[in-house]
Amino acid sequence: MRRALLFAFMRIVDAVVKPLTYSVHTHKLLLAPGIEPWRWALGRLRGWHTFELAARQVPAYRAFLAERGFPRRLRFRGSLAAAFATIPEMDKDSYIKRWSIPERSFGGRLPRRGVVVDESSGSSGVPTSWVRARPERLATRRLLQVGFARTASTLTKQPFVLNAFSLGAWATGMNVTSSLTEATMIKSIGPDRNKIIATMKEFGTGYTYIILSYPPFLKALFDDDRLDWSQYDIVAAFGGEGISENMRSHILRYAHSAYGSYGASDLEINLAIETDFTVALRRAIAEDPELAARVSKLGEYGVLPMVFQFNPFDYLIETNGAGELVITIVREQNINPRIRYNIHDRGHVMRVRDVMPILRRLGHQAVIDQKFLDLPLLFHYGRSDLSVDYNGAVVAPDALRDVIYGDPTLVEAVENHRLISFEDERGDRQLHIALQLTEAATARGMLDEERFRRLVVAELRRRNGDFHNAVLTAPEGTLPTVAFYGYRTGPFVRDGAKLKNEYVWQLGAGETARWNLDLTHVAPRRND
């Protein structure tokens with residue numbers, strides 16, 4: 001009886017809320033301050049509702065739950081949050097790869113009309129298709145348009161969006177174009193500096209150019225001296241990976257604002273956004289150790305988190321025991337539901353009402369003054385599955401391992417491997433692929449290193465379409481570097497001190513010299 005009443009209540013809520021989402025102006029009402037507890041509670045109820053619908057109507061999800069002995073109805077033991085946390089997590093390996101797209105859809109089939117397919121290839125190298133029907137595309141579109149409308153409202157010139165994300169079937173570029181076309185003037189260029197500069201010269205200085213792309217591309221664009229950037233009014237927006245505050249400061253020399261968005265092809269491209277409040281909070285965390293200890297895991301992970309705000313009415317975001325984000329899209333309209341989906345990112349959530357007293361107690365009034373939304377905060381620390389981000393692509397050490405193990409000469413000659421991500425003195429994000437030779441191979445000294453450097457990069461690009469595209473579009477001076485190191489030398493000098501190998505390093509500024517990294521061998525832009 002209680003279930004029937006709650007489900008009827010959710011139908012009423014959706015009937016009231018849905019018309020508000022049809023317009024950007026009415027959608028803003030759903031983000032108004034003062035109703036945060038309702039958004040929080042209703043989002044969890046919607047998550048429960050979506051779970052039970054999927055458990056009954058999605059063939060793959062029924063099988064997924066049955067394998068784990070989990071019932072199709074949620075068993076309440078205490079709070080709804082505690083009950084929801086008992087639902088098995090899914091991820092790409094345990095769910096997406098095991099069942100077909102129709103099997104993962106409501107009713108076991110795809111609609112005949114209105115479905116758009118985009119793709120990602122991630123670290124697996126095999127493109128994964130994602131299907132999005134009209135209702136969920138509309139939801140994504142409205143969220144992007146609401147964010148855009150706030151930016152546009154502060155401008156004195158006509159906005160002109162330059163979409164410099166990778167185009168084609170890639171999820172971000174495709175969805176940005178389709179979402180903003182009806183809201184503004186837009187040109188979808190892709191990550192091509194020549195075309196962006198030519199476009200801005202052609203249209204002149206009478207517009208505010210809102211340039212959307214990956215952080216390394218934005219920095220390289222503004223470092224291009226073919227344009228007098230001081231003559232142009234620019235807003236920068238980025239996605240695909242986080243940035244350091246040093247890089248943001250560099251971008252802000254040319255743009256009057258620079259904000260990021262958090263999303264994923266597996267879920268949606270715009271789950272959460274940076275705001276003036278979150279940027280100010282992030283900078284305060286970097287400067288105040290006590291604040292960092294109270295609200296972040298900077299001391300535990302050694303990484304300054306990106307900080308975003310998200311709408312809990314649309315997304316239920318939890319943190320599991322391993323510190324990973326587990327995300328549920330609570331809208332029942334999504335034809336391929338993702339319920340407690342583990343994207344293997346590290347992070348956690350705090351409500352603004354819990355953060356504000358800490359800020360007051362520690363005297364951060366300047367941060368408090370920037371708050372205009374009471375949406376909860378998402379603290380994001382990067383990948384949890386030992387991957388690194390490179391120019392919008394995810395590169396996993398397992399992929400590098402597979403390249404090594406796939407060649408008989410390399411598997412014999414290489415002792416260990418490591419992906420090293422660092423920021424250079426110019427503020428550019430760099431990727432170094434380090435390969436340690438065995439003791440015997442070091443003594444022989446007969447490996448054709450130049451040949452195998454080319455082979456390693458070529459194989460990584462062949463296996464990972466995102467990485468291939470990232471190399472093609474990487475700004476000058478940011479192409480990956482590859483080097484072989486003698487046994488227990490360079491970044492491997494301390495190997496053996498720990499029981500487990502370290503396959504990924506995130507180095508701070510100036511640390512590359514300490515490890516004697518050989519950064520002279522730059523990967524070719526093309527496989528020719």
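Quick rundown of the values:
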{"quantity": "Matching option when the condition is under 23 Å from Ile273 (Cβ atoms), of a type in the set (Lys, Arg), surrounded by fewer than 20 Cβ atoms within 10 Å (Cβ to Cβ) and under 23 Å from the mean Cα position of the chain (by Cα), among Arg142, Arg150", "calculated": "Arg150"}
{"quantity": "Condition met for Thr208 (assigned to a helix (DSSP H, G or I), surrounded by 15 or more Cβ atoms within 10 Å (Cβ to Cβ) and of a type in the set (Ser, Thr, Tyr))", "calculated": "no"}
{"quantity": "Conditions (1) of a type outside the set (Phe, Trp, Tyr); (2) within 15 Å of Gly242 (Cβ to Cβ); (3) in contact (Cβ under 8 Å) with a residue 40 or more places away in the chain; number of the one not met by Arg338", "calculated": "(2)"}
{"quantity": "Candidates Ala149, Ala164, Ala171, filtered to the one that is over 26 Å from His344 (Cβ atoms) and in contact with a Phe, Trp or Tyr (Cβ under 8 Å, 6 or more places away or on another chain)", "calculated": "Ala164"}
{"quantity": "Search result, residues across segment 218-273 that are at pLDDT 90 or above and of a type in the set (S, T, N, Q)", "calculated": "Ser230, Gln231, Ser257, Ser261"}
{"quantity": "Selected residue [more than 18 Å from Arg346 (Cβ to Cβ), among the charged types (D, E, K, R) and crowded, with 17+ Cβ neighbours inside 10 Å] from Arg331, Arg253", "calculated": "Arg331"}
{"quantity": "Residue count for segment 334-346, restricted to those that are buried (at least 22 other Cβ atoms within 10 Å of the Cβ) and hydrophobic (A, V, I, L, M, F, W, C)", "calculated": "2"}
{"quantity": "Residues within segment 251-265 that are touching a Leu at 6+ places or on another chain (Cβ under 9 Å) and either outside any loop (DSSP other than H, G, I, E, B) or aliphatic (A, V, I, L, M) (or both), tallied", "calculated": "6"}
{"quantity": "Scan of segment 300-348 for residues that are more than 30 Å from Arg109 (Cβ to Cβ) and of a type in the set (A, V, I, L, M, F, W, C), ordered by number", "calculated": "Val303, Leu304, Met306, Val307, Phe308, Phe310, Ala322, Leu325"}
{"quantity": "Breaking point among (1) exposed (fewer than 13 other Cβ atoms within 10 Å of the Cβ); (2) at pLDDT below 90; (3) among the aliphatic types (A, V, I, L, M), for Ala66", "calculated": "(2)"}
{"quantity": "Pair list, Cβ < 7 Å and 6+ apart or interchain, from segment 80-108 residues that are at pLDDT below 95 to residues that are of a type in the set (Phe, Trp, Tyr)", "calculated": "Leu80/Trp48; Ala83/Phe76; Phe84/Trp48"}
{"quantity": "Any strands (runs of 3 or more DSSP E) falling wholly within segment 377-476 and containing at least 1 residues that are in contact with a helix residue (DSSP H, G or I) (Cβ under 6 Å, 6 or more places away or on another chain) and at pLDDT 95 or above", "calculated": "414-423, 429-437"}
{"quantity": "Segment 267-322 - residue that is of a type in the set (Gly, Ala, Ser) and either touching a Gly at 6+ places or on another chain (Cβ under 8 Å) or closer than 18 Å to Ile243 by Cα (or both) and, of those, surrounded by the fewest Cβ atoms within 10 Å (Cβ to Cβ)", "calculated": "Gly302"}
{"quantity": "Residue among Leu507, Leu460, Leu437, Leu431 that is among the hydrophobic types (A, V, I, L, M, F, W, C), surrounded by fewer than 19 Cβ atoms within 10 Å (Cβ to Cβ) and not assigned by TED's automatic domain parsing to the domain that holds Ser120", "calculated": "Leu507"}
{"quantity": "Residue selected from segment 173-204 under the condition exposed (fewer than 14 other Cβ atoms within 10 Å of the Cβ) and over 13 Å from Val161 (Cβ atoms), by the criterion modelled with the lowest pLDDT", "calculated": "Asn194"}
{"quantity": "Residues of segment 50-63 satisfying the condition of being in a helix (DSSP H, G or I) and buried (at least 22 other Cβ atoms within 10 Å of the Cβ)", "calculated": "Thr50, Phe51, Ala54, Ala60, Tyr61"}
{"quantity": "Residues located in segment 280-322, provided they are within 12 Å of Tyr381 (Cβ to Cβ), part of a loop (DSSP other than H, G, I, E, B) and touching a helix residue (DSSP H, G or I) at 6+ places or on another chain (Cβ under 8 Å)", "calculated": "Ser296, Leu304, Pro305"}
{"quantity": "Unique match (being closer than 20 Å to Val326 by Cα, hydroxyl-bearing (Ser, Thr, Tyr) and out of contact with any Cys (no Cβ under 6 Å at 6 or more places or on another chain)) among Ser100, Ser129, Ser79", "calculated": "Ser79"}
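The values are calculated or read from the model by the stated rules, or taken from the named source; none is laboratory data. Not measured: the values here are computed from a predicted model. Here the Cβ is made from the backbone with ideal geometry for all residues, glycine too, and neighbour counts use every protein chain on show.
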